[in-house]
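The block underneath contains the structure these notes are about, expressed in structure tokens.
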Amino acid sequence: MENLIQLTEKDYISKGLHRKCYHHPDDPNKCIKINYNDGAEEETNREIAYYKHLIKRKISWDVLAKYYGPVTTNFGPGHVFELIRDYDGKIATSLEKYLYDQQLTEQYYSALVISLKALKTALLEDRIITMTIKSKNILFQHLSSEKNRLIIIDNIGNSTFIPIANYVGFFANAKIERTWQRFLSSLIKENQHNSLITKLIDEVNH
């Protein structure tokens with residue numbers, strides 16, 4: 001079959017609840033996500049529809065991994081996304097790890113505060129709706145030794161039956177604000193062992 005992308009287990013990166021993620025064999029800055037269970041298709045279709053909506057709206061993609069379209073692989077149909085790498089070429093690490101490890105939180109404290117504030121601003125400016133925001137679905141990318149940003153790589157879109165928030169700014173902002181506050185609460189809850197977490201979240205909120 002023409003244009004069939006051949007993947008091997010060596011290309012495997014990680015897996016989420018519904019999809020496995022592989023290195024794109026022809027492009028080091030892209031990855032391919034492939035469904036691996038029954039609940040996956042609906043979830044993927046909803047997310048892809050929302051990505052297409054954002055592409056039409058010409059958002060900035062400052063805080064969201066780019067989507068490049070569908071492909072056929074020997075492991076089944078897949079979707080190509082931007083693979084987020086640090087400036088040294090390594091795949092960026094999740095925010096979850098930076099907040100779980102108190103030493104890392106301390107080392108990058110002010111960068112994490114700035115990046116979290118910038119993430120919220122960008123979500124509001126580009127009206128990006130997420131299902132839930134989870135620290136494991138956000139990568140803390142080092143663009144240089146001084147510059148960092150947070151990038152959401154999963155769980156975007158709107159599960160509401162008639163997604164009015166996709167189109168009306170007021171509803172989008174209200175939904176993003178609610179989701180954001182739940183996200184900050186979850187960070188405190190998940191990282192209670194980290195004595196810096198409450199202070200960090202307070203600073204993000206002010």
So is Ile48 of a type in the set (A, V, I, L, M, F, W, C), in contact with a strand residue (DSSP E or B) (Cβ under 9 Å, 6 or more places away or on another chain) and either surrounded by fewer than 20 Cβ atoms within 10 Å (Cβ to Cβ) or in a loop (DSSP other than H, G, I, E, B) (or both) or not? yes
Tell me, which residue of the stretch 4-27 that is farther than 21 Å from Met131 by Cα and open to solvent by 80 Å² or more (accessible area, probe 1.4 Å) is nearest to the chain's Cα centre (by Cα)? Tyr12
Among (1) among the aromatic types (Phe, Trp, Tyr); (2) open to solvent by 80 Å² or more (accessible area, probe 1.4 Å); (3) within 16 Å of Ile138 (Cβ to Cβ) - the single one Tyr36 does not satisfy: (3)
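Conditions (1) crowded, with 19+ Cβ neighbours inside 10 Å; (2) β-branched (Val, Ile, Thr), marked per residue:
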{"position": "Val71", "(1), (2)": "no, yes"}
{"position": "Asn74", "(1), (2)": "no, no"}
{"position": "Tyr98", "(1), (2)": "yes, no"}
{"position": "Tyr108", "(1), (2)": "no, no"}
{"position": "Met131", "(1), (2)": "no, no"}
Quick one: what pairs do we get from the stretch 29-50, first residue more than 22 Å from Ala92 (Cβ to Cβ), second in a helix (DSSP H, G or I), C-beta under 7 Å, 6+ apart or different chains? Asn35/Glu41; Asn35/Thr44
Of the residues in the stretch 31-44, those that are over 14 Å from the mean Cα position of the chain (by Cα), at pLDDT 90 or above and not β-branched (Val, Ile, Thr) number 2
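The values are calculated or read from the model by the stated rules, or taken from the named source; none is laboratory data. Note that the structure is a prediction, hence the values are computed from the model and not measured. Quick reminder, even Gly has a Cβ in these numbers, built from the backbone with ideal geometry, and neighbours come from all protein chains shown. When the accessible area is computed, the model is the full protein with side chains, heavy atoms only, and any ligands, DNA or RNA have been set aside. Shrake-Rupley method; radii C 1.70, N 1.55, O 1.52, S 1.80 Å.
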